[in-house]
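J.: I have a structure I would like to understand better, so I am pasting it below and will then ask my questions one at a time.
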Amino acid sequence: MKWRRLIILIPLTFLLLFFYIPLLSIIHEGFWDNGPTLKYILSILSNSYHRRIIFFTVEQALASTLLTLLLGLPGAYIFARYDFPGKRTVKAFLTVPFVMPSIMVALGFLLLFGKEGFFTRLFGDWGILYSWKAILIAHAFYNFPIVIRMVSALWQRINPHYEEMAMSLGARGFTLFRKVTLPMLMPAIFASAMLTFVFCFLSFSIPLILGGYQYATIEVDIFMLIMTLLDFRTGSALAIIQISLSFIFMYIYIKSLDEYSKAEEQKIFRRAERLTPRELAGVRGILIALYSLIVFIFIISPLLAVVYDSFIYRGHFSLEWYRRVFSPQYNPLFGATSLTAIRNSLLFGFGTVILSTVIALIVAYSLHRWHFRGKNIFDALVMLPLGSSAITLGMGYIKAFHATPLYRTWLIIVLAHTIIAYPFVLRAISAVLRKIKPSLSEAAVSLGASEWRAFLRVELPLALGGIIVGAIFAFAMSIAELGATYMLYAPQYTTITVAVYRFLGSRQFGSASALSVILMAISGISFMIIERIGEEVW
């Protein structure tokens, strides 16, 4: 049908204009100098500094992934196999890292592990801050809930008959787990590990703030080349290397996700074992309580550190930092007032929600409900933004739009946020559309409803939960975004994250904490909505 083709053209045109053209501008900059050339790429690869950064980026992503698995797999086992008091509360807290801005978490780690930090005073200075250790711990904070949710979801769907048959043949304990359970869990473990690896590979705020220049990643190196040295040639060449690597990693992740999705489609759902009061008081109950406590402290301590610091002025409880943050005389650092920054963040967030939800809904419905020629190519084209980074996107926008009226406007920031958030909205909507039986819509069409009317009356209400969750994630990602925003914003379009970063740059931690608490409150509302609706995204 012609109208289907026209609808499919909407997301393709959007992605062409605001993802592929900026991407091609980077490729042109890195490969062209009065003709095709490889000298900028070869210059990067032959430079020991840039080569060290590339290797460190891969190494820290791999180490962060291993630490995340180490922390997340015990939790996946506990949540899949046992039912205990407080389980719902602990599981709810696992959503917190998804919606908390990375710059605020980085500030929390600065306050915990700095020279006067709580953990430093309690345990001594272990040299965590401004090192690879801080990067790994912060990455684990963000990503271990992914492992818990994905692995536990599949663990609950493993047919217990396989384990019972193995036990009847003499398998017990670790042998049973290694020979039977682990192979069936591998799709979830590998998919969650690959997703964690990609997130850590493309991470920006955490390495920038907690690692320092000594532990810079490719993202930080590109940022410094563009924003400090104004070296677009070298920055583009490094971005091409990063894009190539990230697309390879994303291809592996998407393939692993297909295997995970097939495994998760099993109809079996194993009930968790409810622990008796006697078992809760035993070794098993103590270990579960200890793990839950560690998870609670790990997630909540950076947030509490920020809240506490925002109310302490010269050693006493005070609202001074909030007074300063909202004082017009105190905000020359970023060229706008804090109220303007809050307003901008909210407006950009709502704009991102509208655009990303519309684009993702069209793409998800096209992929799951329509059959057309070139569907595999369409699938690949619409999924590529998931492998791009905020810094690379920001640089592409500078190259592609610097001579257009779009540059340095509020709209270019919303468009960048939409490209960054859209894959996550697509994942949320796709997950819920897969659960809706096509026969429901087909029944409505057989009763005389048009395909459009059947979608509005039947499928859209059923998919509404996933759409809302995707929209909330888009909003949370927009207000938390720093990299692309910092590269594209004009002073009047300062956001909360940019303001916090500028406060941190001037070592004004109290003001940064006060503004971060406001950011935390906005993100907290997102967390409560997601948890209330209860749709799984990853």
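The values are calculated or read from the model by the stated rules, or taken from the named source; none is laboratory data. Note that this is a predicted model, so its numbers are computed, not measured. Glycine gets a Cβ as well: all are built from the backbone with ideal geometry, and neighbour counts include every protein chain shown. The protein model used for the area step is the full one, side chains on, heavy atoms only, and it has no ligands, DNA or RNA in it. Shrake-Rupley method; radii C 1.70, N 1.55, O 1.52, S 1.80 Å.
J.: Report, by chain and number, residues whose modeled amide H sits under 5 Å from the one on Ile312, excluding near sequence neighbours (fewer than 5 apart, same chain).
T.: Ser318
J.: Sticking with this structure for a sec: Through the Karplus equation 6.51 cos²θ - 1.76 cosθ + 1.60, θ set to phi - 60°, convert the phi angles of region 344-355 into ³J(HN,Hα) values in whole Hz; use x for Gly and Pro.
T.: Once rounded to whole Hz, the list reads 4, 4, 5, 5, 5, x, 5, x, 5, 4, 4, 5.
J.: If you don't mind, another one. In whole Hz, what ³J(HN,Hα) sequence does region 13-26 give by Karplus (6.51, -1.76, 1.60; θ = phi - 60°), x for Gly and Pro?
T.: Going residue by residue, I get 5, 4, 5, 4, 5, 10, 10, 6, 5, x, 5, 5, 5, 5 Hz, with x marking Gly and Pro.
J.: Just subtract the alpha-carbon distance of Leu169 and Arg343 from 0.36 nm times their residue separation and send over the number in nm, one decimal.
T.: The Leu169-Arg343 span can extend by a further 56.1 nm.
J.: Given H placed 1.01 Å from N in the peptide plane, which residues other than close sequence neighbours of Trp32 have an amide H under 5 Å from its amide H?
T.: Thr37
J.: Could you work out the helix-only [θ] at 222 nm for the chain, with each DSSP H run of four or more residues adding -39,500 (n - 2.57) and the total divided by the number of residues, to the nearest 500 deg cm²/dmol? Present the calculation step by step, with values, prior to reporting the outcome.
T.: Values: 27 runs with 388 residues, N = 538.
Using -39500 (n - 2.57) per qualifying helix, the result is -23500 deg cm²/dmol.
J.: For the chain, what's the radius of gyration and Dmax over Cα atoms, in angstrom?
T.: That works out to 24.1, 77 Å for Rg and Dmax.
J.: Sticking with this structure for a sec: Step through the residues of region 93-100 one at a time and calculate ³J(HN,Hα) from phi using the Karplus curve (6.51 cos²θ - 1.76 cosθ + 1.60, θ = phi - 60°), rounding each to whole Hz and writing x for Gly and Pro.
T.: Rounded to whole hertz, the list is 5, 5, 7, 3, x, 4, 10, 8.
J.: Sorting check: for 80-92, 193-205, which peptide has the highest mean count of neighbouring beta carbons within 10 Å, and how do the rest follow? Before the final figure, lay out the partial values.
T.: Details: 80-92: 14.8, 193-205: 23.8.
Descending mean neighbour count gives 193-205, 80-92.
J.: Something else about it: Given the Cα-Cα distance of Asn159 and Ile252 and 0.36 nm per residue of separation, how much length would full extension add, in nm? Could you put the intermediate results ahead of the total?
T.: Numbers: separation 93, 0.36 × 93 = 33.48 nm, distance 2.68 nm.
Full extension of this stretch gives 30.8 nm more.
J.: Okay, moving on. Could you list the residues of region 51-78 with an amide nitrogen less than 13 Å from a label point located 7 Å from the Cα of Phe298 in the Cα-to-C-beta direction?
T.: Hits in region 51-78 for Phe298 at 13 Å: 64-78.
J.: Evaluate the distance, in nm, between pseudo-label points positioned 7 Å from the Cα of Thr404 and of Arg284 along their respective Cα→Cβ axes.
T.: Each label point lies 7 Å from its Cα, and together they span 6.0 nm.
J.: Once both labels are modelled 7 Å past Cα along the beta-carbon direction, what's the Ile7-Ile354 spacing in nm?
T.: 2.1 nm
J.: On full extension of the chain, what length is gained from Leu447 through Ile529, given 0.36 nm per residue of separation minus the C-alpha to C-alpha distance? If you can, show how the numbers build up before the last one.
T.: On the way: separation 82, 0.36 × 82 = 29.52 nm, distance 3.60 nm.
Going from the current span to full extension adds 25.9 nm.
J.: From zero up to wherever the largest Cα-Cα distance of region 127-182 sits, split into 5 Å bins and tell me the percent of pairs in each.
T.: Histogram of Cα-Cα distances, whole percents per bin: 4, 16, 16, 13, 11, 10, 10, 9, 6, 4, 1.
J.: Got a number for carbon plus sulfur as a percent of region 1-91's accessible area, 1.4 Å probe? Before the final figure, lay out each step's value.
T.: Values: 3590 of 5110 Å².
Looking at region 1-91 in its full context, I get 70 percent from C and S.
J.: I need the peptides 516-524, 244-252 ranked by packing, meaning the mean over residues of other C-beta atoms within 10 angstrom, with the highest value on top.
T.: Details: 516-524: 20.6, 244-252: 16.4.
Most protected by this proxy first, the peptides run 516-524, 244-252.
J.: Structure shown: which of Lys87/Lys255; Lys255/Lys399; Lys255/Lys437; Lys39/Lys399 lie over 28 Å apart, alpha-carbon to alpha-carbon? Present the calculation step by step, with values, prior to reporting the outcome.
T.: Values: Lys87/Lys255 32 Å; Lys255/Lys399 32 Å; Lys255/Lys437 24 Å; Lys39/Lys399 20 Å.
Lys87/Lys255; Lys255/Lys399, as the Cα separations exceed 28 Å there.
J.: State in Å² the accessible area per residue of the chain; use a 1.4 Å probe, count heavy atoms of protein chains only, and round to the nearest integer.
T.: Working: 24580 Å² over 538 residues.
Accessible surface, normalised per residue, equals 46 Å².
J.: Per-residue counts of other Cβ atoms within 10 Å, averaged by peptide: what ranking do you get for 167-178, 415-426, 103-114, highest first? Write down the numbers at each step before the final one.
T.: Working: 167-178: 10.9, 415-426: 26.2, 103-114: 24.2.
My ranking of the peptides, most packed first, is 415-426, 103-114, 167-178.
J.: What's the FRET efficiency of Gln492 with Ala92 using the Cβ-Cβ distance as r and R₀ = 41 Å, to the nearest 0.05? Could the numbers behind the result be given before it?
T.: Numbers: r = 38 Å, r/R0 = 0.93.
Computed FRET efficiency for Gln492 and Ala92 comes out at 0.60.
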